[in-house]
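Asks: First the structure, which I've put down as structure tokens, then a few questions once you've had a look.
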Amino acid sequence: MGWSSLFSVFLVFSAVVGLSIGSFLTVVVDRVPRGVSIVSPGSACGNCGLRLGLLDLVPVFSWLALRGRCRRCRTAIGIEPLVLEILTGGMFLAFAVHFGPSWGAGAFDVLAAGLLALSWIDLRTKRLPREITYVTAAIGAPLLVTAALVVHEPRRLVDAVLGAVIAVAFMGLVYVGSRGGMGDGDVRLSPLLGMYLGWLGLGYVPVGLFIGFLFGSVVGVGAMVVGKAGRKTALPFGPFLAAGTLTAVFVGRAIIDRLWPT
């Protein structure tokens with residue numbers, strides 16, 4: 001089997017794993033905000049209590065086969081699980097293409113899963129559960145260490161630590177200056193983002209944060225223009241920070257080279 005065939009297999013594998021993780025995230029985003037265990041009891045229909053079997057939990061295909069309804073009572077499941085599964089699978093595929101078969105791809109898959117879950121919850125509840133932030137960091141950090149050492153680039157680890165410090169210091173200042181306008185969950189999230197961006201290079205840290213604030217400003221102004229929000233309306237900022245970080249992963253190098261050409 002040639003390299004192109006192996007790479008294709010890796011891409012398909014990454015997408016399938018992403019879809020499966022996305023299915024698990026549907027449980028996470030539902031139960032973590034309620035303080036319920038994500039392990040037990042098993043998934044069940046919220047209307048009739050039907051315990052979901054393996055055939056009901058196949059990502060995307062189960063939803064399509066059942067047309068988004070419970071197999072027993074036919075209550076609508078909603079499109080949210082399908083969207084979350086597809087988003088996660090898409091992010092895993094994108095990182096597989098960007099990083100290739102490497103520990104780095106696995107590390108950034110963890111980041112994608114964590115940020116998708118956090119963003120989903122923040123949009124619904126305006127909260128960023130610290131449990132998800134800390135678990136993402138606890139799983140992602142060792143993978144970043146391994147990824148750096150495998151390619152013999154220990155300097156990445158120093159930059160990851162510096163990136164985390166820079167990000168939390170900046171967000172801490174913004175938090176104090178906002179006088180309650182920004183939640184402390186955003187500050188707790190920032191060292192995770194800085195760690196990952198710093199691992200790519202310290203220049204990625206300001207780029208990712210800037211893009212996040214840019215996204216937030218554009219959406220905030222847009223919401224005010226269409227009358228959906230006022231000056232004092234609180235918008236969940238976690239999704240914008242997440243979007244800025246993920247965008248910087250893919251286009252940050254081009255922005256850095258344009259701003260600070262070598």
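Readers should treat all values here as calculations from the given coordinates under stated rules, not as data from a laboratory. Not measured: the values here are computed from a predicted model. No Cβ is skipped: glycine too gets one built from the backbone with ideal geometry, and neighbour counts run over all protein chains shown.
Asks: Amide H of Arg69: which non-local residues (sequence gap of 5 or more, or other chain) have their own amide H closer than 5 Å, using H built in the peptide plane?
Replies: Here the answer is Ile77, since their amide H atoms fall under 5 Å of that of Arg69.
Asks: When the helix-only estimate is applied to the chain (DSSP H runs of n ≥ 4, each -39,500 (n - 2.57), divided by the residue count), what is the mean residue ellipticity at 222 nm, nearest 500 deg cm²/dmol? Numbers along the way, then the final one.
Replies: On the way: 9 runs with 183 residues, N = 262.
Calculated at 222 nm, the ellipticity per residue is -24000 deg cm²/dmol.
Asks: Mind telling me which of Phe24, Phe92, Phe170 comes out most flexible in a GNM of the chain, alpha-carbon contacts under 10 Å?
Replies: Phe170
Asks: To continue, here is another question. For the range 25-42, in order, what is each residue's ³J(HN,Hα) by Karplus, 6.51 cos²θ - 1.76 cosθ + 1.60 with θ = phi - 60°, in whole Hz (x at glycine and Pro)?
Replies: Whole-Hz 3J(HN,Hα) from phi for the range 25-42: 5, 4, 6, 4, 5, 7, 8, 4, x, 8, x, 9, 4, 8, 9, 9, x, x.
Asks: According to the square roots a ≥ b ≥ c of the eigenvalues of the Cα gyration tensor, what is the shape class of the chain, taking rounded for a/c under 1.5, prolate for a/b larger than b/c otherwise, and oblate for the remainder? It would help to have the intermediate numbers written out before the result.
Replies: On the way: a/c = 1.89, a/b = 1.20, b/c = 1.57.
Note, shape of the chain comes out oblate.
Asks: Once you have the Cα-Cα distance between Val225 and Phe210, take 0.36 nm times their residue separation minus that, and quote the gain in nm to one decimal.
Replies: Working: separation 15, 0.36 × 15 = 5.40 nm, distance 2.23 nm.
Stretched out fully, the Val225 to Phe210 stretch lengthens by 3.2 nm.
Asks: Okay, next question. Which value, in debye to the nearest 20, describes the size of the charge dipole of the chain about its Cα centre when Lys and Arg Cβ atoms bear +1, Asp and Glu Cβ atoms bear -1, and nothing else is charged? Walk me through the numbers on the way to the answer.
Replies: Working: 21 positive and 12 negative charges, 181 e Å.
Roughly 860 debye, rounded to the nearest 20.
Asks: Still on this structure, I have one more. Using only Cα atoms, locate the centre of the range 192-223 and the centre of the range 233-257, then give the distance between them in Å, rounded to an integer.
Replies: Result: 4 Å between the Cα centres.
Asks: OK, next. What is the extension gain from Val36 to Cys73, computed as 0.36 nm multiplied by their sequence separation minus the C-alpha to C-alpha distance, in nm to one decimal?
Replies: Gain in length upon complete extension: 10.9 nm.
Asks: Once you've got the GNM for the chain with C-alpha springs shorter than 10 Å, pick whichever of Gly181, Gly201, Gly89 has the biggest mean-square fluctuation.
Replies: Gly181
Asks: Name the residues whose placed amide hydrogens come within less than 5 Å of the amide hydrogen of Ala44, ignoring near sequence neighbours (fewer than 5 apart) on the same chain.
Replies: Placed amide hydrogens put Leu52 under 5 Å from Ala44.
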